[in-house]
Amino acid sequence: MFTSLSDRLTATFQNLRGKGRLSESDVNATVRDIRMALLDADVALPVVKEFTRGVRERALGSEVSQALNPGQQVVKIVNDELVKILGGETRQLQLAKNPPTVILLAGLQGSGKTTFAGKLAKLLKDQGHYPLLVAADLQRPNAVTQLEVVADRAGVVCFAPEQGNVGGHDAVTDSGEGTHSFGDPVWVAKAGVGQAKVRGYDVVIVDTAGRLAVDENLMQQARNIRDEIQPDEVLFVIDAMIGQAAVDTALAFQDGVDFTGVVLSKLDGDARGGAALSVASVTGRPIMYASIGEQTKDIEVFHPDRMASRILD
Ligand code: GDP
């Protein structure tokens with residue numbers, strides 16, 4: 001990911017090499033190149049505008065460091081502005097004062113939620129926590145089995161309706177597209193959190209159902225779960241490969257469930273990556289984790305400064 005953006009920016013900076021000082025037209029040309037590189041990488045227009053305004057103002061401003069040549073200065077400014085649009089500081093997971101810490105996952109189907117649930121559980125387990133996964137995606141029959149497999153790989157327990165906890169509801173028909181859910185996800189989520197309290201799990205990660213496109217029924221379901229279990233964190237998982245659609249999807253989920261943090265998944269892919277760069281900026285919510293592969297170990301805590309350096313490397 002970001003290879004092409006990275007190459008384009010490096011080429012832009014090459015043009016500044018050997019210049020004694022930067023004229024206004026040097027700055028304008030550089031900013032124009034950066035703008036094109038960002039747009040070609042699928043970064044959303046408002047984000048590009050904010051970014052290039054910041055770079056231009058600072059490059060033309062009085063901010064002159066004796067230690068850096070003009071080219072290095074522009075690299076530093078671009079780096080700082082990238083860190084800014086990526087959310088600035090690293091945001092740690094908010095742990096509840098009174099455990100369990102409850103984490104709700106939301107996102108489109110196929111975004112990588114279930115896989116991420118296992119990765120996060122393993123990461124937290126390795127840090128000494130005692131996580132419980134809760135399978136509240138009852139929309140796809142195999143979603144529960146998938147979470148059980150993921151839990152097994154992570155070496156954690158999964159609370160699932162198969163254990164006889166279908167919530168005392170008969171199968172209900174989803175009014176959307178005639179798909180069936182086979183239990184009440186709100187009940188399962190609540191029962192899962194209840195189990196965690198009784199059995200001493202200190203983190204509960206609740207997987208929810210998604211659709212291939214934003215769907216009001218499922219958004220309402222996620223909201224109902226959220227209102228019932230009052231999570232400490234609502235993490236929105238987004239596939240970094242979905243390109244320009246990322247921004248609208250993120251805004252729809254922000255409106256729908258008001259998430260507290262973002263998980264960028266599939267960052268190991270070769271998409272242009274600009275959409276991923278836009279999400280924190282347009283929603284004002286921090287990117288907290290990156291998913292970088294299909295294995296349980298393929299998770300990173302997201303550090304805006306490290307990501308910026310990686311792009312500018
Ligand atoms: P969900 O429908 O949101 O629960 O998505 P899944 O967790 O089932 O993931 C959908 C597909 O994407 C699966 O084939 C996963 O193996 C794959 N996947 C998930 N996360 C990543 C990732 O970070 N990188 C790559 N390359 N594939 C991923």
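The values are calculated or read from the model by the stated rules, or taken from the named source; none is laboratory data. Nothing here was measured: the structure is a model prediction, and the numbers come from that model. Don't worry about glycine lacking a Cβ; one is built from the backbone with ideal geometry, like all the others, and counts go over all protein chains shown. Surface areas here come from the heavy atoms of the whole protein model, side chains and all, with no ligands, DNA or RNA. Shrake-Rupley method; radii C 1.70, N 1.55, O 1.52, S 1.80 Å.
Calculated mean residue ellipticity, 222 nm, the chain: -15500 deg cm²/dmol, from DSSP H runs (n ≥ 4) at -39500 (n - 2.57) each, averaged per residue and rounded to 500. Sorted largest first, the spans of the alpha carbon positions of the stretch 1-64 along the three principal axes are 33, 24, 16 Å.
How long is the gain from E294 to Q94 if the chain were fully straight, where each residue apart is worth 0.36 nm and the alpha carbon distance is subtracted? Walk me through the intermediate numbers first.
Numbers: separation 200, 0.36 × 200 = 72.00 nm, distance 2.54 nm.
Value of the extension gain: 69.5 nm.
With all pairs of different alpha carbon atoms counted, what Kirkwood hydrodynamic radius in Å does the stretch 225-313 show? So the Kirkwood estimate lands at 13.5 Å. For the listed peptides 128-136, 207-215, a ranking on the average number of other beta carbons within 10 Å per residue, highest first, reads 128-136, 207-215. Separation of the stretch 83-142 from the stretch 178-238 is 12 Å, based on Cα centroids. Residues considered: A276, A252, A196. Largest GNM mean-square fluctuation over the chain, using C-alpha springs under 10 Å, is found at A252. Per residue, the accessible area of the chain comes to 46 Å² when a 1.4 Å probe rolls over the protein heavy atoms.
For the chain, the dipole from Cβ point charges (+1 on Lys and Arg, -1 on Asp and Glu) about the Cα centre works out to 980 debye, to the nearest 20. Cα-Cα pairs above 23 Å in the chain: how many percent? I get 58 percent for the Cα pairs in the chain exceeding 23 Å. Working note: Karplus 6.51/-1.76/1.60 with θ = phi - 60° gives the stretch 190-202 the couplings 5, 5, x, 5, x, 4, 4, 5, 5, 9, x, 6, 9 Hz, where Gly and Pro are set to x.
The value of relative contact order for the stretch 1-89, using C-alpha pairs under 8 Å at least six residues apart, is 35 percent.
Per the 1.4 Å probe, what fraction of the accessible area of the chain, in percent, lies on carbon and sulfur atoms?
Working: 6720 of 14310 Å².
On the chain, the fraction of accessible area on carbon and sulfur atoms equals 47 percent.
Counting only residues at least eight positions apart within a chain, or on another chain, the lysines with an alpha carbon under 23 Å from that of K19 are K76. Accessible area of R199 (1.4 Å probe, protein heavy atoms only, ligands and nucleic acids ignored): about 150 Å².
Cα-based Rg of the stretch 1-108 per 2.2 N^0.38 Å, rounded to two decimals? If you can, show how the numbers build up before the last one.
Working: Rg = 18.0 Å, N = 108, 2.2 N^0.38 = 13.0 Å.
Expressed relative to 2.2 N^0.38 Å, the Cα Rg reads 1.38.
Of the beta bridges in the chain, as assigned by DSSP with both residues counted there, near 15 percent are antiparallel. Angle of helix 24-40 to the longest C-alpha principal axis of the chain, folded into 0 to 90 degrees and rounded to 10: 30°.
Counting alpha carbon pairs within less than 8 Å and at least 6 residues apart, what relative contact order, in whole percent, applies to the chain? Mind showing how you got there, number by number?
On the way: 627 pairs, mean separation 80.4, N = 313.
Result for the chain is 26 percent.
Rounded to the nearest 10 degrees, the inclination of helix 3-14 to the longest alpha-carbon principal axis of the chain is 20 degrees. For the peptides 20-30, 148-158, the ranking by mean Cβ contacts within 10 Å, running from highest to lowest, is 148-158, 20-30.
For V203, the amide hydrogen comes within under 5 Å of the amide hydrogens of T101, Y130, L132, counting only partners 5 or more places away or on other chains and with H modelled in the peptide plane.
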